[in-house]
1. Considering (1) out of contact with any helix residue (DSSP H, G or I) (no Cβ under 8 Å at 6 or more places or on another chain); (2) over 26 Å from ILE61 (Cβ atoms); (3) of a type in the set (Asp, Glu), say which one ASP173 fails and leave the rest.
2. LYS119 passes all but one of (1) surrounded by fewer than 14 Cβ atoms within 10 Å (Cβ to Cβ); (2) within 15 Å of the chain's Cα centre (by Cα); (3) charged (D, E, K, R); which number fails?
3. Would you confirm whether or not region 8-27 contains a residue that is at pLDDT 90 or above and surrounded by fewer than 18 Cβ atoms within 10 Å (Cβ to Cβ)?
4. Provide a single number: the residues in region 161-172 that are loosely packed, with under 14 Cβ neighbours inside 10 Å and at pLDDT below 85.
5. Within region 86-114, track down each residue that is among the aliphatic types (A, V, I, L, M) and at pLDDT 90 or above.
6. Exactly one of these conditions fails for VAL79: (1) modelled with pLDDT under 90; (2) farther than 29 Å from THR139 by Cβ. Give me its number.
7. When only residues in region 127-146 that are assigned to a loop (DSSP other than H, G, I, E, B) and either more than 16 Å from SER22 (Cβ to Cβ) or in contact (Cβ under 8 Å) with a residue 24 or more places away in the chain (or both) count, which is most open to solvent (accessible area, probe 1.4 Å)?
8. Is region 7-25 home to any residue that is over 25 Å from PHE140 (Cα atoms) and in contact (Cβ under 8 Å) with a residue 24 or more places away in the chain?
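The values are calculated or read from the model by the stated rules, or taken from the named source; none is laboratory data. Note that the structure is a prediction, hence the values are computed from the model and not measured. Every residue, glycine among them, receives a Cβ derived from its backbone with ideal geometry; neighbour counts consider all protein chains shown. Quick note on the areas: whole protein, heavy atoms, side chains included, nothing else; ligands and nucleic acids left out. Shrake-Rupley method; radii C 1.70, N 1.55, O 1.52, S 1.80 Å.
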Amino acid sequence: PLDKLRAKLCALFAFLALLRPSDLAIPTLSQVVVPPEQDRIVVCLLGFKNDYQARGASVTIWKASDPKLDPVSCYLCWVERTAALRGADPGQSKVICQLHNGAGVKPATVSTILNGIIKEGGGDRTLLSARGFRRGGATFAIAKEVMPDKVLHLGRWASPRVFHQNYVQTGVDPNFTDLVFGA
């Protein structure tokens, strides 16, 4: 169903591109490019939080080898299936749109969609929220040993201090004591 496809697209974009719900409400179809190789999506963001000098940013989301988790095929399917909802100038239509008229959604609607994913997945809504996709994506990337500078750049954080203090949750390795004592 279209609502599930939209939810999947929001979750993939939020987790893999470290986008806030407010970021997901921004791009138009003309601001999202899939090159002919269809190996990635490049999202041009304008007017997002922390863009103090109005320079914008581009975020690249790479194709996944698992078709069920592939953001590129999900995005292309979404665009194809929502084409009839969009007006005469679909390029100016928001990527994440209403399912009945193709109008863009507000950040609160994106939050509702992401919160619905958490609830449907059995997550505890008293502990988890839509904002957690960004933090979760960053934390997961760090745990998978992605260089912190790359994650910091992708997430467009205002400063490394903010990034490390507020977004990256790391635990102590089970072998920490042995590492410290050189055992």
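1. Looking at each condition in turn, ASP173 falls short on (1).
2. Every listed condition holds for LYS119 apart from (2).
3. no
4. Summing the residues that are loosely packed, with under 14 Cβ neighbours inside 10 Å and at pLDDT below 85 in region 161-172 gives 7.
5. Of everything in region 86-114, those that are among the aliphatic types (A, V, I, L, M) and at pLDDT 90 or above turn out to be VAL95, ILE96, LEU99, VAL105, ALA108, VAL110, ILE113, LEU114.
6. VAL79 satisfies all of (1) modelled with pLDDT under 90; (2) farther than 29 Å from THR139 by Cβ except (1).
7. Among those residues, the one meeting the criterion is ARG131.
8. no
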